[in-house]
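Let me begin by presenting the structure, written as structure tokens, before commenting on it.
The values are calculated or read from the model by the stated rules, or taken from the named source; none is laboratory data. None of the values given here were measured: they were computed from a predicted structure. Cβ: placed from backbone, ideal geometry, glycine included. Neighbour counts: every protein chain shown. Surface accessibility is based on the protein's heavy atoms, side chains included, excluding ligands, DNA and RNA. Shrake-Rupley method; radii C 1.70, N 1.55, O 1.52, S 1.80 Å.
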Amino acid sequence: MIEELKIAPLAEADIPALIELAGLIWRRHYPGIISMQQIDYMLAQRYTPAIIRAQMQSGSAWWDQALVDGSMIGFAQYELHGRSMKLDKLYVHPDFQRRGYGARMLAHIEDGARARGALAVRLNVNKHNLKSIAAYRKSGYEVVDEVVADIGEGYVMDDFVMEKKL
């Protein structure tokens, strides 16, 4: 049976499910890349109802959910920065990875970026996140820069900046 993917804007009522899904994905994906302490710190820093709600209401940032059979299996958050769309979050539940859902979400974001006048999509990805780097490369993204950012509490993000021209 082929599951049908639906990509839809996140509704305020979906915020608790998104926060729960983010915790599940991060705690399964990031050990070995960053510490559990940094995972917990970053989840608390990025996934609160107030932060998500403010981004949704900003008019320049978007949250989408990926639904299979009516259940959220992934999500993305992206925002316009001048003539570039910054993809800040793109996650798919581990049980639904390697089925093309992430690539379809990327294509959806790229279409939205074009419609909003963006000339490229940019993202940051941890330098040790090899599976994600490979997936982005497969979708036409290339490394254009490196950045180390202090995010507080002694934690840093050591990332590649990847970009795809539209």
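Points worth noting:
- Here R28 passes the criteria (1) basic (K, R); (2) within 20 Å of M162 (Cα to Cα); (3) open to solvent by 50 Å² or more (accessible area, probe 1.4 Å) except the one numbered (2).
- Beta carbons closer than 9 Å, at least 6 apart along the sequence or on distinct chains, pair a first residue in the stretch 62-73 that is among the hydroxyl-bearing types (S, T, Y) with a second that is surrounded by fewer than 17 Cβ atoms within 10 Å (Cβ to Cβ) and outside any strand (DSSP E or B) for S71/A17.
- Taken together, Y141, Y155 contain a single residue that is of a type outside the set (V, I, T) and modelled with pLDDT of 95 or more, which is Y141.
- Of the strands (runs of 3 or more DSSP E) lying entirely inside the stretch 67-166, the ones with 2 or more residues being farther than 18 Å from L10 by Cβ and in contact with a strand residue (DSSP E or B) (Cβ under 6 Å, 6 or more places away or on another chain) are found at 120-126, 142-152, 155-165.
- Pairs, first open to solvent by less than 30 Å² (accessible area, probe 1.4 Å) in the stretch 75-93, second of a type in the set (D, E), C-beta under 7 Å, six or more apart: F75/D64; A76/D64; Q77/D88; Y78/D88
- Considering residues of the stretch 98-133 that are of a type in the set (A, V, I, L, M) and more than 14 Å from K164 (Cα to Cα) only, the residue least open to solvent (accessible area, probe 1.4 Å): M105
- Any hit, the stretch 143-151, residues being over 15 Å from the mean Cα position of the chain (by Cα), in contact (Cβ under 8 Å) with a residue 60 or more places away in the chain, over 22 Å from I7 (Cβ atoms) and surrounded by 13 or more Cβ atoms within 10 Å (Cβ to Cβ): yes
- Scanning the stretch 48-57 finds one or more residues that are surrounded by fewer than 21 Cβ atoms within 10 Å (Cβ to Cβ), in contact (Cβ under 8 Å) with a residue 24 or more places away in the chain and assigned to a loop (DSSP other than H, G, I, E, B).
- Against the numbered list (1) touching a strand residue (DSSP E or B) at 6+ places or on another chain (Cβ under 6 Å); (2) surrounded by 15 or more Cβ atoms within 10 Å (Cβ to Cβ); (3) modelled with pLDDT of 95 or more, K6 comes up short only at (2).
- In summary, T48 fulfils each of the numbered conditions (1) farther than 13 Å from D14 by Cα; (2) of a type outside the set (F, W, Y); (3) under 16 Å from the mean Cα position of the chain (by Cα) with the single exception of condition (1).
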